[in-house]
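Chemist: Below is the structure I would like to discuss, written out as structure tokens.
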Amino acid sequence: MNLSEAQSEMKQLLSRVSPSELPKLLDWIRTSDELDDLQVDNRKVMLRSIADHLRVRLPLDAMLPSETAALHKMQQRCRPTVHVDSFLYDDEQVDSLCEEGTMSRTYCLTCGSFKTAPLDFISHSFSVSELQFLFQNVLPDLSGKILVDVGSRLGAVLYGGYVYSSACQLIGLELSEEFVQLQNDILHKYRLSDRVQVLHADVCTQDVLLHSADVLVMNNVFEYFMEPSEQVRAWRFIMQNFKKRGSLLVTVPSLQESLSALQVTPQPGWVEELPVDYDVYLGRDTDPDALRQIHLYRVI
Ligand SMILES: C[S@@+](CC[C@H](N)C(=O)[O-])C[C@H]1O[C@@H](n2cnc3c(N)ncnc32)[C@H](O)[C@@H]1O
């Protein structure tokens, strides 16, 4: 049943409900967890299973001891910030970790008092609902297409692309050898290697791959992991080499925001922004503001 058929059946059903019960039913539709469960399918189950597997292999903050520069940048933010990886921990899991005292959503303003303020959370991975949104609502049908995830980290985009898209090749580029190893273990364990591959490489060495890519995903790749001068160099390299007409670029945050922070002007006539429909409900733990950070561009 497609959307308009479902809408008309729904209207017919609602028109038969007794008027005094209708407000209760509408409230149940808006708030009940029972309906969220309808959105859980095998694809989500598989992504959650991968996340379970990765969670036990990583520390709670899912950062490597070698990521000193990224940790330092987080400490320099004006508000206290912690890294909670959204692919590994959904809101419910964060809540239960907070309840058992392993994690906190707040910090103490005056040590020892109850005067607390909310901590800022950042994630270096897309959550499962962001992945679903990316592949089902942002990108078109990817049959026969090559997708490259710049900075694939835990591999969330690659696994999401495997279950939610028909892309023929999903290629991750990652600077950290440890994360490459972790992703390769997952590809092996879940038998994903027929369509997924991870390269231990700096994107700035991958001109040939960028020439052939149909989709490039860049989820806040550089901000925490490279010095500003290196970020400028990497963006210039991408603008020079990701040029196949009609290919698609996904960025978080927008290109404008990423580039203006570095005082780089996008090459004139490189890409145009395409509209994205953000009005979609993907479950209670989906953060609408996070979805709005996802931007789509087409190479002109
Ligand atoms: C924010 S994470 C992106 C995670 C992943 N793409 C996702 O959306 O779930 C950025 C990752 O990019 C990697 N990275 C940073 N600069 C890179 C570069 N020049 N080439 C390849 N990987 C890079 C970092 O090591 C880090 O793991």
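The values are calculated or read from the model by the stated rules, or taken from the named source; none is laboratory data. No experiment lies behind these values; they were computed from the predicted model shown. Here Cβ is always computed from backbone atoms with ideal geometry, including for glycine, and neighbour counts include all displayed protein chains. Accessible surface is based on the protein model in full, side chains and every heavy atom, while ligands, DNA and RNA are left aside. Shrake-Rupley method; radii C 1.70, N 1.55, O 1.52, S 1.80 Å.
Chemist: What is the Rg over Rh value, at two decimals, for the chain, using alpha-carbon atoms and the Kirkwood definition of Rh?
Modeler: Reported Rg/Rh (Cα atoms, Kirkwood Rh): 0.99.
Chemist: Of the residues Gln206, Gln183, Gln75, which exhibits the maximal mean-square fluctuation in a Gaussian network model of the chain defined by a 10 Å Cα contact cut-off?
Modeler: For the chain, modelled as a Gaussian network with Cα springs under 10 Å, the answer is Gln75.
Chemist: Within the range 24-49, what residues put their amide N at less than 14 Å from the label point 7 Å along the Cα-to-Cβ vector of Ala290?
Modeler: Under 14 Å, as judged by backbone N against the label point of Ala290, lie 48 of the range 24-49.
Chemist: Restricting to DSSP loop positions (anything but H, G, I, E, B) with no more than 10 other Cβ atoms inside 10 Å of their own Cβ, which GluC sites (Glu not before Pro) remain in the range 1-103?
Modeler: Glu21, Glu100
Chemist: List the residues whose amide H sits under 5 Å from the amide H of Tyr107, counting only those 5 or more places along or on another chain, with H placed 1.01 Å from N in the peptide plane.
Modeler: It is Ala117, Leu119, by chain and number.
Chemist: Rounded to a whole number, what % of the accessible area of the range 128-299 do carbon and sulfur atoms account for, probe 1.4 Å?
Modeler: Values: 3580 of 7680 Å².
Answer for the range 128-299: carbon and sulfur cover 47 percent of the accessible area.
Chemist: In Å², and per residue, what accessible area does the chain have when probed at 1.4 Å with the other protein chains present?
Modeler: In whole numbers, the chain has 54 Å² accessible per residue.
Chemist: One-quarter of the Cα convex hull surface for the range 43-122, in nm²? Can you show the working numbers first?
Modeler: Numbers: hull surface 25.6 nm².
The Cα convex hull of the range 43-122, projected and averaged over all directions, gives 6.4 nm².
Chemist: Looking at the chain as a GNM with Cα springs under 10 Å, which of Cys78, Cys204, Cys168 has the largest mean-square fluctuation?
Modeler: It is Cys78.
Chemist: Based on DSSP H runs of at least 4 residues, each adding -39500 (n - 2.57), what is the mean residue ellipticity at 222 nm of the chain after dividing by all its residues, to the nearest 500 deg cm²/dmol? Present the calculation step by step, with values, prior to reporting the outcome.
Modeler: Details: 13 runs with 119 residues, N = 300.
Roughly -11500 deg cm²/dmol at 222 nm, from the helical runs in the chain.
Chemist: Count neighbours as other Cβ atoms within 10 Å of each site's Cβ, and list the trypsin sites (Lys or Arg not before Pro) in the range 46-76 that are DSSP loop with at most 15 such neighbours. Please list the in-between numbers first.
Modeler: Numbers: sites: Arg48, Arg55, Arg57, Lys73; in loops: Arg57.
Within the range 46-76, the qualifying trypsin sites (Lys or Arg not before Pro) (loop, at most 15 other Cβ atoms within 10 Å) are Arg57.
Chemist: Right, next: Which of the trypsin sites (Lys or Arg not before Pro) across the range 195-270 are loop residues per DSSP, with 16 or fewer other Cβ within 10 Å?
Modeler: Passing both the DSSP loop test and the Cβ count: Lys243, Lys244, Arg245.
Chemist: Still on this structure, I have one more. If the elastic network links every pair of Cα atoms under 10 Å, which of Gln76, Gln12, Gln263 fluctuates the most in the Gaussian network model of the chain?
Modeler: Maximum fluctuation in the GNM of the chain, among the listed residues, is at Gln12.
Chemist: Residue separation times 0.36 nm, minus the C-alpha to C-alpha distance between Gln76 and Glu223: what's the value?
Modeler: 51.6 nm
Chemist: Here's something else I'd like to know. Using the Cα centre of the range 147-300 as origin and beta-carbon charges of +1 (Lys, Arg) and -1 (Asp, Glu), tell me which of Gly160, Leu282, Gln206 is placed farthest towards the positive end of the dipole.
Modeler: In the range 147-300, that residue is Gln206.
Chemist: Quick check: Cα centre of the range 220-252 to Cα centre of the range 22-86, how many Å?
Modeler: 26
Chemist: Determine the dipole magnitude for the chain: charges of +1 sit on the beta-carbon of Lys and Arg, -1 on that of Asp and Glu, nothing else is charged, the reference point is the Cα centre, and the result goes in debye to the nearest 20.
Modeler: 620
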